[in-house]
Amino acid sequence: MDDEVAKLRAEIAELRRGLSGPNGPAQLPRLVQIGQKLQMIYWRIGPGQPAALGDLSAAIEVWDEVYSLIGPDDPARGEAAFRLGQLLAARHSTHGGATKDRETGIFVLGEALTYPDLPPTAASMARLSLAMLHLQRTTEALSPASARAGFLTGLSPGAQDDALTATRLLREVLDGPPLSATVTTMARTMLTIAESIQPLLSGDPTRVDLGGMMAALATLQRLQRDGLPLTTWVTGDPLDYPVAVVQGDEDPTPTVPPRRPVRPPDVPVATERYSARRAARDRLAALTDGDGSPGWEQARALLSTDPSTLAAGDLDAFVGAAVHAAADGGDAADGGDAAGGDGAAGGNGGDGEPAERGIDQLLAAIGLCLRESRDGSGWGADDEETTSGAYRAAAAHLRTAATLVPPDHPAAAVVVEAVGGLVDDARPLSGAVAGIADVLPGYAAGIPSRPATVTALAELCRTVAALRVGAPVEPDALAAALAVVPTDHPVRQPLAVAVTQARLVAAVHAGEPVTVDPALGRLGGLLAALHHDDRAALRAALDADPGRASPPVSAVLGAAHLRLADDLDTAIALLSGAARTLDDGALRTRTWWRLAEAYRSRGAVGDDECSREAGRHALEGAGSDRRDAARFAGWMLAEGRGGEAFQALETAAAAPGSPTVDPLVLDLLAVLTGVTPPAGPPPEVPDPATVAAAVREIGAVALLYLHPTDDAGRSAGVLCLDPATDRLDVLANVPVTDPLASDDPGWAAVMRRWSPGSLLLAATSGLDRLALPAVRVGDGRQLVQEAVISHVSSGAQVVRLAARSVASVADTPLFVVNPRGDRDHEMAEVMAVRRLCYPRSVCLGRALEPVEGTGTPDDVRKHVTTASVVHLACGLRGTELDLADGGVLDVATVGGAGGLLLLAESTAGPGPALLDAGFVGVVGWRWAVPAPVAALALFLVHLQLVEHRRPPAAAVAAVQRWMLDPDRVLPAALTGSHLNTVTTSDLAGPALWAALTYSGR
């Protein structure tokens, strides 16, 4: 919080430097910004805190200047008066301000309420603050001196007027737009106090309800303890006043004061739920000139009404009553049959019927949408980048209505039509409509004889729901639904915009040329230029007049400047401001990455540290991109920074793959349409000590990370995690050379340090395909002759592997062979391995011996979770197995898979991905080798596993050494075909033996 306050103070100082000459109307925008930022500092430090008083007073001075610069005929004066009055009330009530604060606050708040353009919720808060000040002036009159006489004769008319004014204002607050629960409780409590003290003020103490007054004061005391929404409101102890100190004779003759008749309240207060519903339906009928038609028909009529044609007070009263009725209507679990008639005629007996309660929700939603459309007010933010709280509340009401009103009820179509009130004209694919998009299409499908508008809105919601989860969209279906919507219907225009934007989204994701609507302005031109890789058009779009830019727009503009790389100062300014103000999410994370790149590209003094700081922020953000994290890891390795490199490498391993579409194009698309692609939470990265403990559990001497340190991949950094010390060291940056083609001393210097022993190797970005076992470590020997190498994807994977139990391979072996009949040559090989090593194994597919199943996905799924070793002699594409009857099984989706996996397919195997499916190890291939060589190698691995009882990594290393040895001893179990392979192949060539690889523990 201190950093945020310091940042705000710096921004205020910058704004003050921009105030040149005497203040005048031209300075109003800067003064308003200064006042707003001073208010933010005050609330951050804390209302009532002595340290905050200076900032509060400074804010009052600024807003007083703003107020004085705006003429009485300017509607903006009402807003300035409201702001000034709120702050004066806070200083008087919370900091013991002078009486002048109270009197000035009463004046300017009263003036603010005379401006009809003051938003309804701002007016409610002004009334609440004004009532508080009047009530404080009233209670001030209840001093001990006043109590000696005034309680019997009545206090001054001024005190009574203040109490009556406070009562009126508080009733208007409660009858106005719905407020938060805390503010509502505050208003009701203050109203109780105001009404309770009126008998004291009028000289009739016998009517004082001391119990009610004490309960109300206790409530205020609790609210003060828990923190109030704006101020602490009450500065003294609730029991200080009223206090009556009366001295007289010891046995006085009692004097009974004259009693005044008790008058009933002017307006009866409805307390039953039916009364709230009746009020809402009556006000609805008044707004629509209803003639006894059902409530849903009146609601449909109200939907098509221009809210500017409705009296503000009438609409606000309807909204208050409708929201009250919806809140009091019970929950959706209540019993009762759906009502077919109007709720106004349903009586108390219909109060619990689901359909009637659903109509209550419908009316609340319509009212909130109309009021928000009229004045854009409400508790939620209403700037261009956010969805207001009123619209979100309306969506929640409609969602509830869809659960209460059956689809075959006449009101169901109106529930769907009311969704049109949630649709934003400029960005119809996002916003509050997303809060109901997932349920509406199914609900609308059950409505008989659907109007065209219902079908179109349901299709819109289907499109929105698909975009929210990243699924493909069907803009043609939405266009077809729009075609039959009446041309004069209010929802037709936003639906047409939705079709245009949906087609733009589909074209971008399909890589097709895009045609951008000119209405999208400069950002549309940016998107087209980036999508078509047109640098000239990109520069022209950036040179257009920028105007005011929100944080998301600043983020994409800064990224576009970075893409051109010809104005890095502007790129850094835009990206830096956006990164610090954006909400947490994928766009903010990518903005941090881009800022790190921009600083690194500029290379000015101090930019390296700024780049690292931005990268550290990005590593902690949501929606990390594998490519960005990997690139940052390379930078850190090049600088010798092991800690940052470790975190970046682990983040890259945990992050999803990069999208096929340019991320900047996707970000621009999100800003234009408001549709934010789904982003996962920040990846969970283990600390080095946890990974080191897992390395010790597995029995390895070190975990080595190999990662490129430049974009071209010409050099690689080696990061070592020593399990003995938990220490991270950047060992070297070595040229990337293929050990098959050269004997680079860099690899030898790194690798010989850890031989002999068992090494875990996390190689990325294609470095896992290097034949590192063939690195020469001295005396003509190669690394495989000194060390056992096992590949992993990350330290996090090592932690998971260390937690898995390893069963004996002979316990429950499983063979999947030739399930589609396209690998007949594997059948004899599998028969030989089974007879020699696994006589009690399960075989699925087609074999030369009886099998336990044909090798369907269900067959494999049934056995793979309990298998100790799985030999796959079938087609493999990524992690998907080609099985019988054309079936495909993705083993990555099989929960509980385990054991050791051997891949007969002599192509590069996806070892790390299969480890993530649950296997403890995978014997696969770096590159393709002749099928006879692959069969021989796997046959020998099985012999090492069973006859020599070696762990999998050691078994693979033993086979590689045997192939490398020119004086190799032939096992007696070799078949004739294997003997032929031995005599006709150059097994000692690293192109054959180094292709075999092992991943796992």
Counting only residues that are within 16 Å of residue 497 (Cβ to Cβ) and charged (D, E, K, R), how many does segment 422-469 have? 4
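If the requirement is being within 39 Å of the chain's Cα centre (by Cα) and small (Gly, Ala, Ser), which of these qualifies: 780, 746, 757, 766? Lay out the reasoning, then the answer.
Values: 780 fails: within 39 Å of the chain's Cα centre (by Cα); 746 fails: within 39 Å of the chain's Cα centre (by Cα); 757 fails: within 39 Å of the chain's Cα centre (by Cα).
The unique qualifying residue is 766.
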Just to check your reading of the model, which residue among 863, 871 is in a helix (DSSP H, G or I), over 38 Å from the mean Cα position of the chain (by Cα), within 29 Å of residue 995 (Cβ to Cβ) and not aliphatic (A, V, I, L, M)? 863
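Looking at segment 582-625 only, could you name the residues that are hydroxyl-bearing (Ser, Thr, Tyr) and buried (at least 18 other Cβ atoms within 10 Å of the Cβ)? It would help to see each step written out before you state the result.
Narrowing segment 582-625 to residues hydroxyl-bearing (Ser, Thr, Tyr): 589, 591, 599, 601, 611, 624.
589, 591, 599, 611, 624, listed by residue number.
Given the criterion surrounded by 15 or more Cβ atoms within 10 Å (Cβ to Cβ) and aliphatic (A, V, I, L, M), identify the matching residue among 557, 564. Break it down into steps so the answer makes sense when it comes.
Working: 564 fails: surrounded by 15 or more Cβ atoms within 10 Å (Cβ to Cβ).
Going through 557, 564 in turn, the sole match is 557.
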Among 764, 856, the single one that is crowded, with 19+ Cβ neighbours inside 10 Å, farther than 21 Å from residue 955 by Cβ and in contact (Cβ under 8 Å) with a residue 24 or more places away in the chain is 764
Does any residue of segment 111-125 turn out to be of a type outside the set (A, V, I, L, M), modelled with pLDDT of 90 or more, more than 41 Å from the chain's Cα centre (by Cα) and under 20 Å from residue 163 (Cα atoms)? yes
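On the basis of being among the polar types (S, T, N, Q) and farther than 28 Å from residue 839 by Cβ, does residue 975 make the cut?
Numbers: among the polar types (S, T, N, Q): yes; farther than 28 Å from residue 839 by Cβ: no.
No.
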With the condition kept exactly as written, say whether any residue in segment 939-951 is crowded, with 22+ Cβ neighbours inside 10 Å, touching a residue at least 40 places away in the same chain (Cβ under 8 Å), within 47 Å of the chain's Cα centre (by Cα) and in a helix (DSSP H, G or I). no
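Across segment 173-199, what is the number of residues that are of a type in the set (D, E, K, R) and over 14 Å from residue 129 (Cα atoms)? Spell out how you get there, then give the answer.
Looking only at segment 173-199, we keep the residues that are of a type in the set (D, E, K, R), and these are 175, 188, 195.
Still in the list and also over 14 Å from residue 129 (Cα atoms): 175, 195.
So the count comes out to 2.
So for segment 100-112 (the condition being in contact with a Ser or Thr (Cβ under 8 Å, 6 or more places away or on another chain) and assigned to a helix (DSSP H, G or I)), does at least one residue qualify? Spell out the reasoning first.
Going residue by residue through segment 100-112, those that are in contact with a Ser or Thr (Cβ under 8 Å, 6 or more places away or on another chain) are 105, 109.
Still in the running and assigned to a helix (DSSP H, G or I): 105, 109.
Within segment 100-112, one or more residues are in contact with a Ser or Thr (Cβ under 8 Å, 6 or more places away or on another chain) and assigned to a helix (DSSP H, G or I).
Quick grid of which residues meet (1) aromatic (Phe, Trp, Tyr); (2) at pLDDT 90 or above:
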site: 889; (1), (2): no, yes
site: 898; (1), (2): no, no
site: 906; (1), (2): no, no
site: 910; (1), (2): no, no
site: 918; (1), (2): no, no
site: 925; (1), (2): yes, yes
site: 941; (1), (2): no, yes
Give me the pairs: first residue in segment 579-596 and outside any loop (DSSP other than H, G, I, E, B), second residue crowded, with 24+ Cβ neighbours inside 10 Å and among the polar types (S, T, N, Q), beta-carbon distance under 6 Å, and six or more apart or on different chains, which are they? 579/591; 589/624
Write out, first by first residue and then by second, each pair whose Cβ atoms fall under 6 Å of each other, whose residues are 6+ apart or on separate chains, and whose first residue, in segment 974-990, is of a type in the set (Ser, Thr, Tyr) and assigned to a helix (DSSP H, G or I) while the second is modelled with pLDDT of 90 or more and buried (at least 17 other Cβ atoms within 10 Å of the Cβ). 981/932; 981/936
Expected single match for farther than 15 Å from residue 587 by Cβ, in contact (Cβ under 8 Å) with a residue 12 or more places away in the chain and under 27 Å from the mean Cα position of the chain (by Cα) among 535, 563, 539 is 563
List the number of the failed condition for residue 749; all other conditions in (1) closer than 23 Å to residue 714 by Cβ; (2) surrounded by 21 or more Cβ atoms within 10 Å (Cβ to Cβ) hold. (2)
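The values are calculated or read from the model by the stated rules, or taken from the named source; none is laboratory data. Being a predicted model, the structure only gives us computed values, none of them experimental. In this analysis, Cβ positions are derived from the backbone assuming ideal geometry, glycine residues included, and neighbour counts consider all displayed protein chains.
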